[in-house]
Amino acid sequence: MDVDDLMTGERYDEAEQQIQKFLKKKPYDLRARQKLAEIYKRTGRLDKAATEYMEIADHYAIEGFHDKALALLAQVSKLTRMADKVWPKMERLRRAKQLEQHRPAIMEALVGRRSVSTGSTAASIQFDRLWSTLSRTHLVDQLDADQLKQLFQAFQIVSLESNTEVARRGQKIDVMFLLASGKVEVSVPLPGGKAPVLRDLEAGSLFGERALFEREPWVANYRTSEKTLLLKLDRQGLESALLGNPDPRGLLNALRQQRLDTEVAETVRRTLGE
């Protein structure tokens, strides 16, 4: 007898055993996990049902099925007193759905610009992967679609090979970067020639805010450790992003919030004993 028949006959123990056995082989089968959650709900194990539904909703959200995820979270909100966990998640999903609707226009603003790399154009980038990374950053989370379109239009796309210098200690270049993919190592040269790595920056990192906003020299060396894609914002681009912006302070706060430069500067001071 299959699981649906067992559930119809209210033979929930047997149905649960079958599903658990199946999930050992295919733990990410969402249909099976949803049936398991339904069994938990029907047998009064509401906390377990809620946990299962929330995990399924996370998977749907990752795959871009925001409506399915929201529907499951709506069920969770009725099952248990988990509003403090459910409602913030639902708000994030609603925002993600809204951003997804504006994604073509936002990405068009970005990829309409020519990459500064020789012989490369923005059209050659894997746009879906790029958006998947950018959509999870705090920068995208804090700005509305119109601000994102204006900011992304101001970015320059820079594609770098591994072991390429991005900036060096003492250099004065008024730019900041959003690391879209790849990795960047932060190091500082020591007497004797050694340059220990102080930090590894990964996708989503914003760095260079002190160079762009305060026009301070870079306090460390920044070099790619693998093939890397950067979004570069120079002073002209910043002015363009701020021009006519209804909330310029909100944009500046979003660009400054990570404060990676401040953290790096403190690490450099400790390393050099300054």
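The values are calculated or read from the model by the stated rules, or taken from the named source; none is laboratory data. All of these numbers come straight from a predicted model, not from anything done at the bench. All Cβ positions, even for glycine, are placed from backbone atoms using ideal geometry, and neighbour counts span all protein chains on display. Remember, those area values only see protein heavy atoms, side chains included, never the ligands or the DNA or RNA. Shrake-Rupley method; radii C 1.70, N 1.55, O 1.52, S 1.80 Å.
Looking at (1) 45, 22, 18; (2) 33, 22, 16; (3) 48, 22, 16, which value of semi-axes √(5λ) of the Cα gyration tensor in Å comes from a calculation on the structure shown?
Recomputing semi-axes √(5λ) of the Cα gyration tensor in Å here gives the entry labelled (1).
What accessible surface, in Å², does a 1.4 Å probe find on residue 87, ignoring ligands, DNA and RNA and rounding to the nearest 10?
We get 120 Å² for residue 87.
Can you compute the helix-only [θ] at 222 nm over the chain? Use -39500 (n - 2.57) per DSSP H run of at least 4 residues, normalise by all residues, nearest 500 deg cm²/dmol.
-17000 deg cm²/dmol
Which semi-axis lengths, in whole Å and largest first, follow from the square roots of five times the eigenvalues of the Cα gyration tensor of segment 117-274? Intermediate results must be reported in sequence, preceding the final value.
Numbers: eigenvalues 139, 71, 36 Å².
Taking √(5λ) for each Cα gyration eigenvalue gives 26, 19, 13 Å.
With the full set of protein chains in place, find how many percent of the accessible area of the chain is carbon and sulfur; take the probe as 1.4 Å.
46
Taking the dipole about the Cα centre of the chain, with the C-beta of Lys and Arg at +1 and of Asp and Glu at -1, give me whichever of 178, 271, 221 is farthest to the positive side.
Of the options given, the answer is 271.
Let me know the whole percent of all Cα-Cα pairs from segment 187-229 that are separated by more than 14 Å.
59
At 10 °C and a viscosity of 1.306 mPa s, what translational diffusion coefficient does Stokes-Einstein give for segment 43-82, taking Rh as the Kirkwood radius over Cα pairs? Give it in µm²/s as a whole number. List each step's numbers first, then the result.
On the way: Rh = 10.0 Å.
Answer from the Stokes-Einstein relation: 159 µm²/s.
Ranked from highest to lowest mean number of other Cβ atoms within 10 Å per residue, what is the order of the peptides 66-77, 162-173?
Highest mean packing first, the order is 66-77, 162-173.
Residues with amide H under 5 Å of residue 183's amide H, sequence separation 5 or more or different chain, H placed in the peptide plane at 1.01 Å from N; which?
The answer is 225, 226.
Where in segment 198-214 does the label zone of residue 174 land, with the point 7 angstrom along Cα→C-beta and an amide N cut-off under 17 Å?
Zone members listed by number: 208-214.
Can you list residues whose amide H is under 5 Å from residue 175's amide H, if they're 5+ apart or on another chain and H is modeled 1.01 Å from N?
Those qualifying (amide H under 5 Å, at least 5 residues apart or on another chain) are 212.
From the gyration tensor of the Cα coordinates in segment 1-107, what semi-axes in whole Å does the equivalent ellipsoid have, largest first, with each one equal to sqrt(5λ)? Working shown, then result.
On the way: eigenvalues 173, 53, 18 Å².
Equivalent ellipsoid semi-axes, largest first: 29, 16, 10 Å.
Provide, for q = 0.21 Å⁻¹, the log10 of I(q)/I(0) from a solvent-free Debye sum over equal Cα point scatterers in segment 216-274.
Debye curve over Cα of segment 216-274, log10 I(q)/I(0) at q = 0.21 Å⁻¹: -1.02.
Just to check I understand the Karplus step: with θ = phi - 60° and J = 6.51 cos²θ - 1.76 cosθ + 1.60, what whole-Hz values come out for segment 130-146, glycine and proline as x?
Computed from phi, the couplings for segment 130-146 are 4, 5, 4, 6, 5, 5, 9, 7, 5, 4, 5, 5, 9, 10, 7, 4, 5 Hz.
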